[in-house]
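Input: a single structure, listed below in structure tokens.
Please treat every number below as a calculation from the coordinates, not as lab data. Computed from a predicted model, the values in this text were never measured in an experiment. Quick reminder, even Gly has a Cβ in these numbers, built from the backbone with ideal geometry, and neighbours come from all protein chains shown.
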Amino acid sequence: MTSAGGARTVLDLARAEASLLVRSLLVLAGLLASGAVVWVLFGSVQPLWWNAAWQIGFGQLILGLVVLAAAQLAAGRARREGMADLYTSFPVTAGTRTVAHLASLAGAAPASLLLTGAAAAVVQARGAIGTPAITVLASGLVLVIASGAAGIAIGTRFSHPLAGVLGALALFITATTSHLVSGAAIWLVPWEWNQDQLSGLPGPLAGYPPAGAHLLELAGLAVLAGTVALAVTAGHVRARGALATAGIVALAVTCLAGALQLRPIPTAGLDHLVTETASLASVQHCTTANDIRYCLYPEFGRDLPSLEEPVNGVLARLPARPSHPLRVQQVLTLDLTDLTYGHSKDQISQWRAQLRNARASALTDTAIYLPVGSWPAGGSQLTDANFAVALTTAEWGVRIPAQATGNPASEQFLPCVPLNQAREAIAIWLAILATRPSAGELQAGLSSGGHYLGDEVSNTFVPTWTYPGMTAGYLASSGFAPQPTAAGYLLAAAMVSLPQQKVSHVLASAWGRWLNWHTTDAQLAAALGIPMPSISTLVPPPPPGQTTGHGPGTGPQSPQSPLCTS
Amino acid sequence: MDETTLSVRTAAVRVHGLSRRYGSTRALDGVDLTLERGITGLLGPNGAGKTTLLSVLATVSEPDGGQVSAFGLDPADGAERVEIRRRLGYLPQELGYHRHFTVAAFLDYVAILKEITDRRRRAEEVARVLAVTGLEDRARARIRTLSGGMRQRLGIAQALLGGPELLILDEPTAGLDPEQRLRFRELLSGLAGDPVIVLSTHQADDIAAICPKVVVLLRGQVHFAGTPAELAVTAAGRVWGADERDPHAHLSWRGGDSRWRHIGDEVPDGAELVTPTVEDGYLLLSHAAGAR
């Protein structure tokens, strides 16, 4: 047979094997599972391409696991199913069959590309920020191919189906235990899945992840696995020599790629990131709309309309604005510790000092802080986030201060409680009218799983209310924000049932009075001509001695939450 | 070596001084054999070395000693071994199957492994062997759904793919019902191209029916090579019938007519001699080898 005929045989055999691979229930199940995993990883958070591409790659890892198992089954099929003697009698050698098996991995490419394409379409449709990281996406495809090559290498030596399962398990474990290693070494595993730092970046960070080098590593591993598979089945001494050379080259490339990934993130990039974190004014784009200042990182400009909507919804119903301005601003909450590997201690100390100084002056009651990466893409989560912005805007409008006891970093940190203050009900009413969340969702915040929620204020148990999205971390300043009370919510809910014009008239006629923290819920209810809703009819009293609070400082020995007094 | 050179070589299989050991067991012990075009039956009890001999002929096993030549090609040489395999159809004794393949897909896959790269020719070949083995209506069936007999026919079908010049069938009639065995005999007898066919079997009547030549292998050695008639003749005058069992006979068994059939060296006076069969000749040889 001529070499062209041999190539034709390889192609025909590869096509047959690829067809089996594509139609394999295992691969189909893996594709569905990987899609589900990517979907879960995306969650409801607004996708950022520099993070989403890596998350899609984790889906590719799941696909790679099943391709590994399927490839091992295919490569070991003849021996496992008692056909080794028959196969030996064919003119097509074991080495040629292995070449065909390796070529058949092209059959996994459509599944990988389908996953990438579908995930990318979803990411884009959900308003992804940034541009697709092609190198990272390509790495996902190479990961699938490399996994398949590893499966073939295993299958040529071990035909038992369990061998493929164990191989897949080993790959999965390397990916999911990468947190056990520190620094840049996490990039050496086939796919690092616990990369939550990426979601907190305000834009792509050069060298993080080291996508090009990782692609090279995966390609090197794919060639290495293929070489091992061929070495097991190659009959000719000359072929083994060539394979040894190829294996050495592949190993060298893999090691080089590994070394490249161990390099620290470039100083310039981290300098810029620290500046982006500490000196917001120097990097963010600020615009003023309706006298409110919005400061966002350059990549996030498209979020402006969705932020203006709840703010303007409150402002439109506010009888008078406070004298001090309000600012809506993005902030970075990521921990730089994980990014500074490989840099000198002095350099790291310098960056930390910059960040410390910046934190000292941050978080005031005249700003709404939005952590990068936590703003939802849509659905009920966006409604919740809008409510959080609206309520914070309304609290600024009615002058409820952001007071607290303790340090935010300590376990004793507790926000102030606007106990029996009419302005709280007004703020909640404003937020509800601005965003129109469902009554059921609002009502659900009165209790949690049948447990009473409340804080200790002045030795009294105060039932509290958890507004939609309050615990989701849509706002960085939520820890400083006042703790809403159940009474305030119930009065606000009653106000919503009244004609808006009537309520607005009552509020506007004595706005200064309502802003006074001494003005009570009962007084507001009386002015509106409605009975004060009774908490006891909706929220059962807590068992004696039990106080379930919102912060870590709960229980009978919890410190007292402060009253919002100014 | 180019293909032209290969094709002008002599068209026979020669085995000389072939030996093969498995540990301390000598499976083949100086086997000399010449196989011409046509069907050669290989008879022998279990453990006689039939399967080992066939696997060596099929280039699956390598002998410890001796030479094998097929169509003038030496299987010890890598390139010539591949050339032998291109002309080979092989049915191992214990063949597993890719149970999740369909019958047609399996045959198509094997056809690729036999280097039939032209897709149309491959499809024609698959259709042809399905027809000759009577599996056309099972082409789309999964192999796991086939009966044992059907699987055996599928094994024969794959061996026939590509029209091999050397067809090695290790107990091909095992698992076939009488009708299928008859059909199989017809099939082998009607194969085009006059290939060299070697089949091992325990069925002496199969040998008698279709094999112009028979080889009896006992304890790794060739004890007989000739025509079935010649094998039968070796028992002439040593087979007799009787109403009672003869304790002096080497072998005795009762036939369908309730009469005893005896084989032995000393025929009793007045015994009713019967015409020996291939099976008689084989049994006598087998007994003699066991007595040594």
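If a cysteine in chain A has no other Cys Cβ under 4.7 Å from its own Cβ, put it on the list, ordered by number.
By the Cβ distance rule, which asks for a partner under 4.7 Å, the isolated cysteines are A:Cys255.
Note the full-extension length gain between A:Gln501 and A:Ala281 as 0.36 nm times their separation in residues minus their Cα-Cα distance, in nm to one decimal.
Contour length minus the Cα-Cα distance gives 75.2 nm.
Give me A:Cys286, A:Cys564, B:Cys211 sorted ascending by neighbouring Cβ count inside 10 Å, so fewest comes first.
With the sparsest Cβ surroundings first, the list reads A:Cys286, A:Cys564, B:Cys211.
Once you list every other residue whose beta carbon is under 14 Å from the beta carbon of A:Ala234, what net charge do they have if Lys and Arg are +1 and Asp and Glu are -1?
Once all neighbours under 14 Å are counted, the net charge is +4.
Could you calculate the FRET efficiency of B:Thr102 with B:His202 from 1/(1 + (r/R0)^6), where r is the beta carbon distance between them and R0 is 30 Å, rounded to 0.05?
That gives a FRET efficiency of 0.45.
List the residue ranges in chain A for DSSP H helices whose C-alpha atoms run 24 angstrom or more along the long axis and whose Kyte-Doolittle average is -0.5 or above.
Once both thresholds are applied, what remains is A:3-22, A:25-42, A:49-75, A:108-125, A:134-157, A:211-233, A:237-261, A:379-397.
Which of B:Gly175, B:Gly256, B:Gly134 ends up with the largest GNM mean-square fluctuation for chain B, with Cα atoms connected below 10 Å?
Highest fluctuation of the listed residues: B:Gly256.
For chain B, modelled as a GNM with alpha-carbon contacts under 10 angstrom, which of B:Pro195, B:Pro247, B:Pro172 fluctuates the most?
Looking only at B:Pro195, B:Pro247, B:Pro172, the largest GNM fluctuation is found for B:Pro247.
Please enumerate, by chain and number, the lysines with C-alpha under 18 Å from the C-alpha of B:Lys50, excluding those fewer than 8 residues away in the same chain.
Partners within reach: B:Lys213.
Taking amide H positions as placed 1.01 Å from N in the peptide plane, with prolines and chain starts having none, which residues 5 or more places from A:Thr464, or on another chain, fall under 5 Å of its amide H?
A:Leu453, A:Gly454, A:Asp455, A:Ala486
Other chains' Cβ within 10 Å of B:113-122 residues: what's the mean?
Mean shielding by partner chains, rounded to a whole number: 5.
What distance in nm separates the two pseudo spin-label positions at B:Glu186 and B:Thr275, each 7 Å out from Cα along the beta-carbon direction?
Spacing of the two 7 Å Cα→Cβ label points: 2.5 nm.
On a C-alpha basis, how far is the centre of the range A:483-534 from the centre of the range A:87-108 in Å? Whole number, if you could?
79 Å
Could you list the trypsin sites (Lys or Arg not before Pro) in the range B:84-179 that lie in coil according to DSSP, counting only those with at most 14 other Cβ atoms within 10 Å of their Cβ?
B:Arg99, B:Arg140
Return the inverse of the average 1/r over all pairs of distinct C-alpha atoms in the protein assembly as shown, which is the Kirkwood hydrodynamic radius, in Å to one decimal.
For the protein assembly as shown, the Kirkwood estimate is 34.2 Å.
Within 13 Å, Cβ to Cβ, of A:Ala316, how many net charges do the neighbouring residues add up to if Lys/Arg are +1 and Asp/Glu are -1?
Residues near A:Ala316 contribute -1 overall.
For the protein assembly as shown, give the share of DSSP beta bridges that are antiparallel, in percent and rounded to the nearest 5; count only bridges with both residues there.
Beta bridges within the protein assembly as shown, antiparallel portion: roughly 60 percent.
Would you pull out the residues with amide H under 5 Å of B:Tyr90's amide H, same chain only if 5 or more places away, H placed 1.01 Å from N?
The answer is B:Ile168.
Using alpha-carbon pairs under 8 Å, 6+ residues apart, how would you state the relative contact order of chain A in percent?
13 percent
Within 10 Å of each Cβ in B:83-95, how many Cβ atoms from other chains are there, averaged over the peptide?
3
Can you pull the one-decimal nm distance between simple spin-label points at A:His160 and A:Arg293, each 7 Å off the Cα toward Cβ?
Computed distance between label sites A:His160 and A:Arg293 equals 7.0 nm.
Take A:Leu256 and B:Arg144, extend 7 Å from each Cα along the Cα→Cβ direction, and tell me the distance between the two endpoints in nm.
4.7 nm
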